[in-house]
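I have placed the structure first, in the form of structure tokens, so that the comments after it can refer back to it.
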Amino acid sequence: MPETSKPRIVVAEKFNESAMSRLAAAGDVVLLDRPDEDRLVAEVTIADALAVRTYVHVTAHVIEAARQAGRLKVIGRGGVGVDNIDVAAAVAAGITVVNTPAACTQAVADLVVGLIVAVQRRTVEFDPRVRRGEFASLRSEAPQAIELGHQTLGVIGMGRIGRAVGTRLHLGFGTRVIYYDIREVGYLPFAAESQPDAEAVYANADVVTLHVPLTPLTRGMIDERALTHFKPTAILVNTSRGPVVQAVPLARALKEGRLAGAAIDVFDPEPPPPDHPLFSAPNCVLTPHVASRTQEGLAAMNDVVDDIIAVLQGREPMYPVECQ
Ligand code: NAD
């Protein structure tokens, strides 16, 4: 048989039908179901492109195997965070990494607003209690909630999602917005006050929402010490990455009343084990890493295949990931 000239494209996690057919038109597609590192090492030595989503880790070891084989040109991550890819190793090996940075900005921001309201207005707690016949007794309780127009939102990481959350809260609810970012933040389409450090945000916000990437600096940034700065009436929302928050001290702070509530979409590890400390923490709303999972968000994340194809065909990709 003559050797095929079509590029070999390894899809390591499920993509939608449209994305799969676009890839199939551009090359020979090999579909895998979350391969382990050994299998991935074997595959990248004979592949031209690799497509991943959230759970396949493209480690330095995998990239070194690809570099030695000299065939892999592009790694595509359908999604935003690239913490599952060793981008520095890939760039050093001459392999282009592409992602979909803006795919789920609106989806995540929508859920953050819903989570803030759910925790502060106790909707998740109330629902089963209404079903158990507590309607009248719940209505007789003095309200604890304060309207969002009288609160301060603290954003850690004022990038795409942080801005989308700030826009919703300030322009929609009249919430004051403060933030901390390690980079200079340019024009914002709403009023927001920069703070000198994260601690100033923790100390002055009624809602702290995390929108940082997972990096060596942000891993574990919400630890015992950070939690000492929070107001006891404040709530924490984490839709960034699980390891940014240390779950044990957070659960302890909630149990001891040093924090009023939390909403958590991302865990470390995922899925969380049955004895995860936050499962027994009070006023804690948990979602299964679904902040990005709207129809629009998922469709846009699948569009990473267009950039994979662009690189394979020698064109400039729309969203190359730069080494941080
Ligand atoms: P972005 O790159 O636009 O913004 C991130 C911001 O964080 C940047 O402004 C950056 O300067 C800032 N930052 C980095 N390190 C920091 C630090 N140590 N302290 C303060 N600020 C810091 O990214 P984005 O599109 O807003 O997404 C943010 C993160 O959200 C992603 O990296 C991803 O991990 C996560 N995410 C989660 C979901 C989900 O489904 N739960 C979906 C999409 C994105």
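Here are some notes:
- Summary value for the stretch 105-286: 20 percent relative contact order, contacts being C-alpha pairs under 8 angstrom separated by 6+ residues.
- Scanning residues 5 or more positions from Val29 or on other chains, those with amide H under 5 Å from its amide H are Ile9, with H placed 1.01 Å from N in the peptide plane.
- Relative contact order [Cα under 8 Å, 6+ residues apart], the chain, whole percent: 18 percent
- Between Glu316 and Glu256, the simple spin-label model (points 7 angstrom out along Cα→Cβ) gives 5.4 nm.
- Ordered by solvent-accessible area of protein heavy atoms (1.4 Å probe), largest first, the residues Glu43, Glu256, Glu199, Glu37 come out as Glu256, Glu37, Glu199, Glu43.
- Cα centroid of the stretch 39-85 to Cα centroid of the stretch 246-322, whole Å: 21 Å
- Whichever lysines have a C-alpha closer than 17 Å to that of Lys73, once near sequence neighbours (fewer than 8 apart) are set aside: Lys6
- For the chain, built as a Gaussian network whose Cα springs stay under 10 Å, the top-fluctuating residue of His150, His229, His289: His150
- Here the Karplus curve 6.51 cos²θ - 1.76 cosθ + 1.60, taken at θ = phi - 60°, turns the phi angles of the stretch 38-49 into couplings of 4, 5, 5, 4, 5, 5, 5, 6, 10, 10, 9, 9 Hz, with x standing for Gly and Pro.
- Residue-wise HN-Hα coupling along the stretch 15-32, computed from phi with Karplus coefficients 6.51, -1.76, 1.60 (Hz; x: Gly, Pro): 10, 6, 4, 4, 5, 5, 6, 5, 5, 5, 6, 9, x, 8, 9, 10, 9, 10
- With the convex hull of the Cα atoms taken as the outline of the chain, the averaged projected area works out to 19.0 nm².
- Here the chain carries DSSP beta bridges of which approximately 5% are antiparallel, counting only pairs with both residues inside.
- Most mobile of Glu125, Glu141, Glu17 in a GNM of the chain (Cα contacts under 10 Å): Glu141
- Residue with peak Gaussian network fluctuation, the chain [Cα springs, cutoff 10 Å], from Arg77, Arg22, Arg219: Arg22
- Under 5 Å between amide hydrogens, built in the peptide plane, is the criterion, and for Thr152 it picks out Asp206, Val207 among residues at least 5 positions away or on other chains.
- Under 14 Å, Cβ to Cβ, from Ile161 - net charge with Lys/Arg +1 and Asp/Glu -1: +1
- Charge context of Ala107, other residues only, Cβ under 13 angstrom, K/R +1, D/E -1: 0
- The calculated 222 nm mean residue ellipticity attributable to helices in the chain amounts to -9500 deg cm²/dmol, summing -39500 (n - 2.57) over DSSP H runs of n ≥ 4 and dividing by all residues.
- Our summary gives the stretch 1-141 a relative contact order of 18 percent, counting only alpha carbon pairs under 8 angstrom and 6 or more residues apart.
- With each label modelled as a point 7 angstrom along the Cα→C-beta vector, the Ser280-Arg121 pair spans 3.2 nm.
- Pair Ala42, Arg131: separation of 7 Å Cα→Cβ label points (nm): 4.6 nm
- Cut-off 15 Å between beta-carbons: net charge of the residues surrounding Pro249, Lys and Arg +1, Asp and Glu -1: +1
The values are calculated or read from the model by the stated rules, or taken from the named source; none is laboratory data. The structure displayed is predicted, hence computed values, not measured ones. Glycine gets a Cβ as well: all are built from the backbone with ideal geometry, and neighbour counts include every protein chain shown. Accessible surface areas use protein heavy atoms only, side chains included; no ligands, DNA or RNA. Shrake-Rupley method; radii C 1.70, N 1.55, O 1.52, S 1.80 Å.
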